[in-house]
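Novice: The structure under discussion is supplied below as structure tokens; questions concerning it will follow.
Just so it is clear, none of the values below were taken in a lab; they were calculated from the coordinates. Predicted model only: the values in this text are computed from it and were never measured. Cβ coordinates were reconstructed from backbone atoms using ideal geometry, including for glycine residues, and neighbour counts include every protein chain displayed.
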């Protein structure tokens, strides 16, 4: 109040100018910081734009040799053979089947773990179990890959004698285990965010913990659960190492998880490790496959955003 | 505690104490709850009136470290609601509750009201339809809700949501209905509607209501209890408590010298 008074008083002019100059300095440093922050943000955005640009421009060249119709409808994927076919559905089938196996494992298991941690476990159990669970998410995927190949596959072969040494089933199962912590952790966060007053409302009606969890907490947390499922799908579709190691790499148009098959990601690994001449059609297939992969994950992300908005609860 | 009335008892607290861990939140409370009457609990914040209210449906059992001492006898069967042998779920089947902030479930209006019935295993569509309508009428929200039963309950206004929560509690025919400051989140018009409803409901059900608002206690209740620091200071007919309080502390609170 006093400052404002003196600022209006012309006899205190030097005070006013002093304050102005300090303000000016502050404005300059604010601008510099703002510019630095903007630059940092811009780097990540520009990188993304750059990746998409390269993918699209290389893919455009690819599609000058191969028609999009063939790309989407051909039932063979033999880009490196003399009789080259470029049917991406072959790789997409491997990706979808392995992801489906993973999600069939991960979504129920992750959700059940989340319900247990959020609604049943005491605070002590939760404080121990959650960090351990999240640690599981930090295991390198190559370790999971060898785990699938050397442990899970032989085990499965005892139950399913016809199972080959490489299979989508084995890789998918292990991929599911890898994804469980993501779903469990994010779903638990979503369920814990449901206000206590909703649970109390349900308990006050005479319902049990389980009934409350299923009929009140899960529906109230649905947008968060959906987001965790979508993230899991993106992880499964983009997962590479487990599939490259345990699912075999031969392209195979199949819906049968008992067979070996290449996925989009494992194909990219295979080609990237070979020495194909830059600019050749075989080299360009990587970019077309990568673009397809991005389109699939983008689709799921948009679906996730939509689900979030559609089912958002304002408690 | 002297007997003020000939009307039958619905419940009675006997030497009730309550502990949050080590902290003693209720101190040796003795108090009758008369059948088909409205009993108001008043007192400054932190005096234990909500704690007391939440003992009647064993809400404290949901959190670890809470401990009751003494009894709440429930009539006509003379059950001690706080007995360790009594399942809290059984208690909540007989004692309904309406909370401070409306807390409708993320479901349709219909399913909110049907919730307690479904919990009790009722899935017959005709019975549900019937009881849902009856409960919504009982909570004076049928006319506003009847054409939008399948809409999400969160689309209703705050006052409507609170009446929906009352309907939800009424649907299972509770013997005792607990109100925990039911109008503190509502505007005066919605508050008036709830108060009118409480007045109407006491024909069917015994009501125990916590309120911060003394005018509200004076308007809606037949009996009033004044609580302070976990103790029940004074209990009596509402008229007597407000016109001629016996205890100096009650008088100070009611006249606004303290609180």
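Novice: If each residue's Cβ is checked for other Cβ atoms within 10 Å, how do A:230, B:194 rank with the fewest at the top?
Specialist: A:230, B:194
Novice: What percentages, rounded to whole numbers, describe P(r) for segment B:183-227 computed over all alpha carbon pairs with 10 Å bin width beginning at zero?
Specialist: 25, 60, 15
Novice: If you average 1/r over every pair of different alpha-carbon atoms in segment A:118-259 and take one over that average, what Kirkwood value in Å do you get?
Specialist: 17.3
Novice: Mind computing the radius of gyration and Dmax over the alpha-carbon atoms of segment B:157-259? Å is fine for both.
Specialist: For segment B:157-259, the Cα-based Rg and Dmax read 14.5, 42 Å.
Novice: Per the Kirkwood treatment, what hydrodynamic radius in Å, one decimal, follows for chain B from the mean inverse distance over all distinct Cα pairs?
Specialist: About 18.8 Å, per the Kirkwood formula over Cα pairs.
Novice: Ok, one more. Relative contact order for chain A: what is it in percent, counting Cα pairs under 8 Å that are at least 6 residues apart?
Specialist: Relative contact order comes out at 24 percent.
Novice: With everything on Cα atoms, drop me the angle between helix B:125-138 and the longest principal axis of chain B, reported from 0 to 90° to the nearest 10.
Specialist: 50
Novice: With the Cα gyration tensor of chain A giving a ≥ b ≥ c as the square roots of its eigenvalues, does the rule (a/c under 1.5 for rounded; else a/b larger than b/c for prolate; else oblate) give rounded, prolate or oblate?
Specialist: The shape class here is oblate.
Novice: Based on the Kirkwood radius over alpha-carbon pairs, what is the Stokes-Einstein translational diffusion coefficient of segment B:1-92 at 10 °C with 1.306 mPa s viscosity, in µm²/s?
Specialist: Answer, rounded: 115 µm²/s.
Novice: Here's something else I'd like to know. Peptide B:86-99: average number of partner chain Cβ atoms within 10 Å per residue?
Specialist: Counting Cβ atoms of other protein chains within 10 Å of each residue's Cβ and averaging gives 3.
Novice: Right, something else. Which value at 222 nm does the protein assembly as shown reach when only helices count, each DSSP H run of 4 or more adding -39,500 (n - 2.57), with the total divided by all residues and rounded to the nearest 500 deg cm²/dmol?
Specialist: -17000 deg cm²/dmol
Novice: Quick one: grab Rg to one decimal and Dmax as a whole number for segment B:67-120, Cα atoms only, in Å.
Specialist: Calculated on Cα positions, Rg and Dmax stand at 14.4, 41 Å.
Novice: Further, regarding this structure: How far is helix A:222-238 tilted, in degrees, relative to the longest principal axis of the Cα atoms in chain A, given as a value from 0 to 90 rounded to the nearest 10?
Specialist: 50
Novice: For helix A:281-310, report the angle its Cα long axis makes with the longest principal axis of the Cα atoms of chain A; keep it between 0 and 90° and round to the nearest 10°.
Specialist: For helix A:281-310, the angle is close to 50 degrees.
Novice: Between B:26, B:156, B:176, find the one with the highest GNM mean-square fluctuation for chain B; connect C-alpha pairs within less than 10 Å.
Specialist: B:156
Novice: Shifting gears a bit: Mind sorting B:165, B:47 by how few other Cβ atoms lie within 10 Å of their own Cβ, fewest first?
Specialist: B:47, B:165
Novice: What does the convex hull of the Cα atoms of segment A:205-315 come to per residue, in Å³, rounded to a whole number?
Specialist: Per residue, the Cα convex hull of segment A:205-315 comes to 146 Å³.
Novice: Let me ask something else. Over the protein assembly as shown, what portion of Cα pair distances is larger than 30 Å, expressed as a whole percent?
Specialist: For the protein assembly as shown, the share of Cα pairs beyond 30 Å comes to 66 percent.
Novice: Which residue, B:241, B:189, B:109, has the most motion in a Gaussian network model of chain B that connects Cα atoms within less than 10 Å?
Specialist: B:189
Novice: Oh, and also: Among A:89, A:109, A:205, which one shows the biggest mean-square fluctuation in a GNM of chain A, springs joining Cα atoms closer than 10 Å?
Specialist: Largest GNM mean-square fluctuation: A:205.
Novice: Per-residue Cβ counts within 10 Å, from other chains only, averaged over A:207-220: what number is that?
Specialist: Rounded to a whole number, the mean comes out at 3.
Novice: As an exercise, use a Förster radius of 41 Å and the Cβ-Cβ distance of residue A:305 and residue B:69 to find the FRET efficiency, rounded to the nearest 0.05.
Specialist: Computed FRET efficiency for residue A:305 and residue B:69 comes out at 0.15.
Novice: Order by neighbour count: B:50, A:44, fewest other Cβ atoms within 10 Å first, most last.
Specialist: Neighbour counts put them in this order, fewest first: A:44, B:50.
Novice: Residue by residue through B:103-109, how many Cβ atoms from other chains fall within 10 Å of the Cβ on average?
Specialist: For peptide B:103-109, the averaged partner shielding equals 6.
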